[in-house]
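Written below as structure tokens is the structure these notes are about.
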Amino acid sequence: MLLTSTQYHDLHAKEYDANYLSPYWRIYSEITWNYIKRCLPRSKKNSWILDAGGGTGFWAIRLARLGYQVVLADVSKGMLEEARRKIAKENLRGSIQILEADITDMKPFKNGQFHLTLAEGDPVSYCDSPKRAIAELARVTKKGGFVTVSVDNKLNWVASYIKRGDLKTADRVLRQGIGTMRGEDHSFSAHMFTIEELEALLRKNKLTPIMAIGKPVWATNDESLQKKEVFKRILAFELRFASLRSVAGRGGHIAVVGKKG
């Protein structure tokens with residue numbers, strides 16, 4: 001059954017985090033943290049971070065633990081309910097504000113309100129209008145601040161269809177940039193990008209791309225990563241080369257960091 005992204009995430013909110021505990025997703029998260037931490041405001045006092053499309057609060061909680069003030073915004077009521085439970089358990093309610101808001105229309109936030117704005121977990125891919133989402137992410141970020149945007153990699157999806165011999169779908173995804181994220185019982189549509197396409201969207205909104213990252217590039221979701229030494233070595237490869245442009249485009253997902261001019 002094809003759902004909207006919001007319906008899908010509402011439906012699967014309670015088990016959402018459990019799906020991301022495998023070694024593959026741990027590597028994905030470490031790659032993500034490797035570039036987020038380079039963008040953190042130097043001063044924690046009076047520095048605000050927006051976790052846009054932040055779901056169950058994975059990054060909001062990690063940042064709040066470091067002493068930052070964070071606003072967690074998401075359009076899914078189910079995901080935010082899980083975030084509230086986790087934040088209360090961590091005793092971080094004083095450091096994280098939760099707000100139901102669509103990434104394409106963040107009216108509650110003022111222009112230039114945040115020192116750092118995150119769009120991790122691919123909310124730009126899953127929203128109705130990536131163009132409006134990027135415009136909003138740029139609008140609410142202070143001049144000189146950073147925006148990180150993670151999305152599904154179009155070329156990776158095209159390659160997977162070509163390997164299956166499904167050239168018709170490969171051609172459609174390449175032209176339209178829209179694919180279907182399939183779960184066990186429900187699916188939803190997603191916008192997919194190349195690095196160049198995502199960078200172009202950032203530039204149109206006065207965000208200068210300073211880094212492109214593939215995540216992960218080499219890691220695969222198989223049993224080999226369960227071995228501690230294999231995991232350690234693959235993670236080292238990923239952290240060393242994931243932001244090398246010739247490598248980044250191979251990632252299962254891609255991310256671009258932009259600085260607001």
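Read-outs: derived from the displayed coordinates by stated rules, not from any lab. Just so it is clear, the structure is predicted and the values come from calculations on it, not from any experiment. FYI the Cβ positions are ideal-geometry reconstructions off the backbone, even for glycines, and counts take in every protein chain you see.
So which residues in region 181-229 are of a type in the set (S, T, Y) and closer than 24 Å to I27 by Cα? Spell out how you get there, then give the answer.
First pass over region 181-229, keeping only residues of a type in the set (S, T, Y): 187, 189, 194, 208, 220, 224.
Within region 181-229, T194, T220, S224 qualify.
From the list L235, L239, the lone residue that is touching a residue at least 24 places away in the same chain (Cβ under 8 Å), buried (at least 18 other Cβ atoms within 10 Å of the Cβ), touching a helix residue (DSSP H, G or I) at 6+ places or on another chain (Cβ under 8 Å) and assigned to a helix (DSSP H, G or I) is L235.
When region 79-100 is examined, which residues are found to be closer than 20 Å to H12 by Cβ and within 19 Å of the chain's Cα centre (by Cα)? Listed by number, the residues that qualify are M79, L80, E82, A83, I98, E100.
So, R84, is that one outside any strand (DSSP E or B), without any contact (Cβ under 8 Å) to a residue 40 or more places away in the chain and under 19 Å from V147 (Cβ atoms) or not? Reasoning before the result, please.
Working: outside any strand (DSSP E or B): yes; without any contact (Cβ under 8 Å) to a residue 40 or more places away in the chain: yes; under 19 Å from V147 (Cβ atoms): no.
No; evaluated as a whole, the condition is false for this residue.
Scanning region 49-81 for residues that are outside any loop (DSSP other than H, G, I, E, B) and over 16 Å from C39 (Cα atoms) returns F58, I61, R65, V71, L72, A73, D74, K77, G78, M79, L80, E81.
Within region 210-223, the set of residues being surrounded by fewer than 16 Cβ atoms within 10 Å (Cβ to Cβ) and either of a type in the set (V, I, T) or part of a helix (DSSP H, G or I) (or both) comprises I210, T220, E223. Would you check which residues across region 9-43 are outside any helix (DSSP H, G or I) and out of contact with any Leu (no Cβ under 8 Å at 6 or more places or on another chain) and list them? Answer for region 9-43, where residues must be outside any helix (DSSP H, G or I) and out of contact with any Leu (no Cβ under 8 Å at 6 or more places or on another chain): L21, R42, S43. When each of E82, E100, E90 is tested for being in contact with a helix residue (DSSP H, G or I) (Cβ under 7 Å, 6 or more places away or on another chain), surrounded by fewer than 22 Cβ atoms within 10 Å (Cβ to Cβ), over 30 Å from I178 (Cβ atoms) and not aliphatic (A, V, I, L, M), the lone residue that passes is E90. Of the residues contained in region 117-132, none is found to be farther than 14 Å from T6 by Cβ, more than 17 Å from the chain's Cα centre (by Cα), in contact (Cβ under 8 Å) with a residue 60 or more places away in the chain and buried (at least 21 other Cβ atoms within 10 Å of the Cβ). Taken as a whole, region 125-136 holds at least one residue that is under 21 Å from R38 (Cβ atoms) and touching a helix residue (DSSP H, G or I) at 6+ places or on another chain (Cβ under 8 Å).
Out of region 43-77, which residues are within 19 Å of K143 (Cα to Cα), surrounded by 24 or more Cβ atoms within 10 Å (Cβ to Cβ) and out of contact with any Pro (no Cβ under 7 Å at 6 or more places or on another chain)? Residues satisfying the conditions are I49, L50, D51, V70. May I ask you to list the residues in region 133-176 that are surrounded by 15 or more Cβ atoms within 10 Å (Cβ to Cβ) and β-branched (V, I, T)? Selection gives I134, V140, T141, V147, T148, V149, V151, V158, T169, V173.
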